[in-house]
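For reference, the structure discussed in these notes is given below.
The values are calculated or read from the model by the stated rules, or taken from the named source; none is laboratory data. Treat the numbers as computed from the prediction; the structure is a model and nothing was measured. Heads up, the Cβs are rebuilt from the backbone with ideal geometry, glycines too, and the neighbour counts pull from every protein chain shown. To get the accessible areas, we keep the full protein, side chains included, count just its heavy atoms, and leave off ligands, DNA and RNA. Shrake-Rupley method; radii C 1.70, N 1.55, O 1.52, S 1.80 Å.
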2 protein chains.
Amino acid sequence: MAAIGAMPEIGGFRQKSRRSFVTLILTVLTSSQSILIVWSKGAGKYEYSVTTANFLVEALKCALSLVALLRIWRKDGVTDDNRLSTTWDEVKVYPIPAALYLYYIFAYVDAPGYQILKNLNIISTGILYQIILKRKLTEIQWAAFILLCAGCTTAQLNPSSDHVLQAPLQGWVMAIVMALLSGFAGVYTEAIIKKRPSRNINVQNFWLYVFGMIFNAFAIMTQDFDAVMNDGFFHGYSLITVLMILNHALSGIAVSMVMKYADNIVKVYSTSVAMLLTAVVSVFLFGFHLSLAFFLGSTVVSVAIYLHSTSKARR
Amino acid sequence: MAAIGAMPEIGGFRQKSRRSFVTLILTVLTSSQSILIVWSKGAGKYEYSVTTANFLVEALKCALSLVALLRIWRKDGVTDDNRLSTTWDEVKVYPIPAALYLYYIFAYVDAPGYQILKNLNIISTGILYQIILKRKLTEIQWAAFILLCAGCTTAQLNPSSDHVLQAPLQGWVMAIVMALLSGFAGVYTEAIIKKRPSRNINVQNFWLYVFGMIFNAFAIMTQDFDAVMNDGFFHGYSLITVLMILNHALSGIAVSMVMKYADNIVKVYSTSVAMLLTAVVSVFLFGFHLSLAFFLGSTVVSVAIYLHSTSKARR
């Protein structure tokens, strides 16, 4: 029965390759998402209600989770781990990430300088990851995480970045609150998904997205009720809007997969690499120029990834 | 005889604190050197011949080495290791660093963008350190070194830095040649000084500086012969010129000490920290503003120092 001894090895390899696969998919989706945003900005201001688009994203994710579940039920039958019915005890914490994301959208500030401060969520994710998930990052992993934050910020430096240093205290507080909200939402989602490892990810996603739909319906009513009533739900939608909704839905599912099979740390690395990838692709697509700061930032991010991976290997 | 067992411990501590001391002195001197340069630039263009100042720096270092030797001879008597007389076999390689520095001065380009490329000498020092001194840097130390280079460059970013990306191939070749020259000179000096560890550092310095004087006399004759003949050797000297000569002489000796008791890697870290220190001090002295890029670069340099020091501790 030597095969049994070999099993964990194979399981480890499978798990590792699944983790790599979902991470790769997330990176590509996040990157193409940014490219769609740049493209849509070229086409002029947002004409549609962002809240309706967010609602559709949640609805689409819900539908995709159901489709996946139907296939699984047909193949494996309904089990305790993949049945859709749930208990209040299981889902009572599920609204928390959705509520946090909603707060995040309300708090959202799009001033040019604040783009830079968004990178603070790398640090907040690391801190909350340790506190909430009680998983320790090694000193080298922390060094790598600080480098990741500094590298991403460096890569995004532009002549107006220094304004951020003159930002009022209120702006800093807002940025830190936003970083904490987004970090907390991410880490809390991982806590929910990892709480019952054997539970099918599609069921977990389904219920998470149901609450996402509810909270986004609330956002439509408070923010865009008049616009939707007067101009219709789909007013201002274009091909690019549809593509962005599709992309957001798929990346949302990819994020969930990364939370299930990897963790928030991997997610942060993945989105950071996506940011660099976007810039490189934009050179070819939109004739963007890469700055020296971008090269320096990318170098620092690459070293951060290297340090994180060697540190993991030693564990 | 338990004391013998304890000896290396005490020796190790002494050596370590001496290494820390000379490194600290070098950092402070390098930093005040940059501050003097900024100050003197405020006072207008260089009025004096730089070659004569360089000559005086070498002469002063020579004199200071002799004074130190006189004190040592009076205290310990003349030994094989501290006598001034030497053999051709010992000093035949001594002219090499001086000659390299001279080439470096001739090749020197002071275009605004090239300031950025100067940081390449961090990488060239690391490479030549491995090749010439045959001492291996660990992977983490290399990662730290790349971060040091990226961090220093980031800290110096300014709106005109991107010009460097448009520099012609010739400019890049020149920058790389300069980085190699300066790296080679530094590493070769270490090789010379470390070749005979028991040899008194002041004797080694004395002979190195004698060749420095000879090469700088040659530079005066080829570059500033007319100016010196017409206006005199000390034409255009001011208080600040004298302070700069004093400072260069003392930092030159500090560099030698670092080479003897530490190495080129420590020297590179020391000058990098000095660069950051200079910027911070300039805020108070000259009302400079620190950019966001400076903060990011300093963060990366700090992580580099941390990584280098933990990596050393594990050796």
- Task: May I ask you to report, in nm to one decimal and beginning with the shortest, the distances from A:K194 to the same position in the other copies, taking label points 7 Å along Cα-to-Cβ?
- Result: 4.4
- To the nearest Å, what is the center-to-center distance of the stretch B:269-315 and the stretch B:125-197, using C-alpha atoms only? 17
- Task: Please say if the stretch A:187-272 is rounded, prolate or oblate, where rounded means a/c under 1.5 for a ≥ b ≥ c the square roots of the C-alpha gyration tensor eigenvalues, and otherwise the choice is prolate for a/b larger than b/c and oblate otherwise?
- Result: prolate
- Task: Sum -39500 (n - 2.57) across every DSSP H segment of at least 4 residues in the protein assembly as shown, then divide by the residue count to get the 222 nm mean residue ellipticity, nearest 500.
- Result: -26500 deg cm²/dmol
- How big is D for the stretch B:215-315, in µm² s⁻¹ as a whole number, if Stokes-Einstein is applied with the Kirkwood radius of its Cα pairs at 37 °C and 0.692 mPa s? 190
- Item | Modelled FRET efficiency - R0 45 Å, B:A63 with B:I176, Cβ distances, 0.05 increments | 0.80
- Note on the structure: Too long for a 31 Å Cα-Cα cut-off, among B:K16/B:K41; A:K118/B:K267; A:K16/A:K195; A:K41/A:K260; B:K41/B:K195; A:K136/B:K16, are B:K16/B:K41; A:K118/B:K267; A:K41/A:K260; B:K41/B:K195; A:K136/B:K16
- B/A buried area, accessible surface, summed, 1.4 Å probe, Å²: 2100
- In whole percent, how big is the carbon plus sulfur part of the accessible area of the stretch B:45-202, probe 1.4 Å, protein atoms only? 65
- Can you give the Rg to Rh ratio for the stretch A:19-314, taking only C-alpha atoms and Rh from Kirkwood? 0.96
- Note on the structure: Distances in nm between the label point of A:S85 (7 Å along Cα→Cβ) and its equivalents in the other copies, shortest first, are 10.5
- Run through all the Cα pairs of the stretch A:123-206 and give the fraction in each 10 Å bin from 0, expressed as whole percent. 15, 33, 32, 16, 5
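Considering only protein heavy atoms, what per residue accessible area in square angstrom results for the stretch A:19-314 with a 1.4 angstrom probe?
48
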- Other-copy label distances relative to B:G232, 7 angstrom Cα-Cβ extension, nm: 9.2
- Considering only B:K267, B:K134, B:K61, give the residue with the highest GNM mean-square fluctuation for chain B, with springs between Cα atoms whenever their separation is below 10 Å. B:K134
- Dimensionless Rg over Rh [the stretch B:36-176; C-alpha; Kirkwood]: 1.05
- Rg followed by Dmax, in Å, when the protein assembly as shown is reduced to its Cα trace: 31.2, 101
- Message: Just to be sure I understand the interface: list residues from the stretch B:142-182 that lose 50 Å² or more of accessible area between the chain on its own and the complete protein assembly, 1.4 Å probe.
- Response: B:L147, B:L157, B:L165
- Task: Quick one: what are the phi-derived ³J(HN,Hα) couplings along the stretch B:225-235, Karplus 6.51/-1.76/1.60 with θ = phi - 60°, whole Hz, x for glycine and proline?
- Result: 4, 5, 4, 5, 5, 7, 9, x, 4, 9, 4
